[in-house]
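See below for the structure under consideration.
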Amino acid sequence: MKTTTTFLAALLATGLLVSSVPAAHAQTWRHTDATGDVVAQDQTDDGVAEPRVVRGVKQADVVRLTVQHGADVLQVATTLRAFGGPDNSWDLRVVTSHGDTYDFQRCEYSSDGTKSTSSRRNGYRYQCDGLRISRTSAGIVARVPVACLDIPYRLRVGVQARVIYPLVADPRDRIAQDDALRTGKVTARKPRLSPWIVRDSSAR
């Protein structure tokens with residue numbers, strides 16, 4: 001009887017110990033996008049042709065998305081096969097557990113060589129101090145202070161890349177677009193969203 005009682009007590013203690021351990025927080029979420037799924041639209045005499053997948057196009061082709069939701073910063077990195085067109089934009093959408101939608105965009109313009117970064121909250125422009133969206137050797141990385149997002153417990157993200165460049169031996173232009181979470185489909189300015197990604201309050 002004494003042995004049984006000791007065993008039951010040990011089981012109870014173990015159960016209490018396990019139940020007291022907090023659930024693991026997801027800090028990093030990764031996704032691999034299909035290669036060669038860029039949706040292209042060519043300029044025509046009548047406007048713009050119907051969108052179609054052109055597998056040989058490297059411009060704007062997102063192949064990898066990595067999201068780190070840390071204590072102080074949300075970092076979203078995309079690897080692209082190429083992103084060097086004269087006019088390009090990179091769009092990040094963040095939906096938080098508070099019910100807010102944030103849109104961050106980085107653009108480059110060939111007309112004057114300028115670069116710009118913009119931020120919107122629920123459709124309205126707002127200032128996000130500390131926001132950084134930068135080019136890297138592999139693609140684009142955004143660093144968003146979680147304070148700009150009202151420090152949400154969890155969030156979802158979506159990314160799109162877009163490049164406009166001239167066709168070879170043709171005076172017309174091509175628009176190339178890719179959604180990091182869709183294959184061969186793009187709805188402009190409405191990226192598909194990731195699963196919920198929990199904030200890791202211990203990661204800095």
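The values are calculated or read from the model by the stated rules, or taken from the named source; none is laboratory data. Everything numeric in this text was worked out from a predicted model, so none of it was measured. Neighbour counts run over all protein chains shown; Cβ positions are idealised from the backbone, glycine included. Ligands, DNA and RNA are excluded from the accessible area calculation, which covers all protein heavy atoms including side chains. Shrake-Rupley method; radii C 1.70, N 1.55, O 1.52, S 1.80 Å.
Write down the accessible area per residue of the stretch 85-197 in Å², having rolled a 1.4 Å probe over the full set of protein chains.
Values: 5730 Å² over 113 residues.
On a per-residue basis, 51 Å².
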Answer label for Cα Rg over 2.2 N^0.38 Å (calculated), chosen among (i) 1.34; (ii) 1.11; (iii) 1.01
(i)
How large, in percent, is the carbon and sulfur part of the accessible surface of the chain at a probe radius of 1.4 Å?
52
Check the chain for me: any Cys whose beta-carbon has no other cysteine beta-carbon within less than 4.7 Å?
Cys107
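Express in nm, to one decimal, how much length is gained between His98 and Thr183 on full extension, taking 0.36 nm for each residue of separation and deducting their alpha carbon distance.
Details: separation 85, 0.36 × 85 = 30.60 nm, distance 2.91 nm.
Using 0.36 nm per residue and subtracting the Cα-Cα distance, I get 27.7 nm.
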What spacing in nm lies between the two simple spin-label points modelled at Lys58 and Arg154, each 7 Å away from Cα in the Cβ direction?
3.9
FRET efficiency (Gln75, Ala169; Cβ distance; R0 35 Å; to 0.05) is 0.30
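Determine, for each peptide in 185-194, 32-41, the mean count of other beta carbons within 10 angstrom over its residues, then list the peptides with the highest first.
Details: 185-194: 16.1, 32-41: 18.6.
Ranking the peptides 185-194, 32-41 by packing returns 32-41, 185-194.
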What are the chymotrypsin sites (Phe, Trp or Tyr not before Pro) within the stretch 96-135 that DSSP puts in a loop, where the Cβ has at most 15 other Cβ atoms within 10 Å?
Tyr109, Tyr126
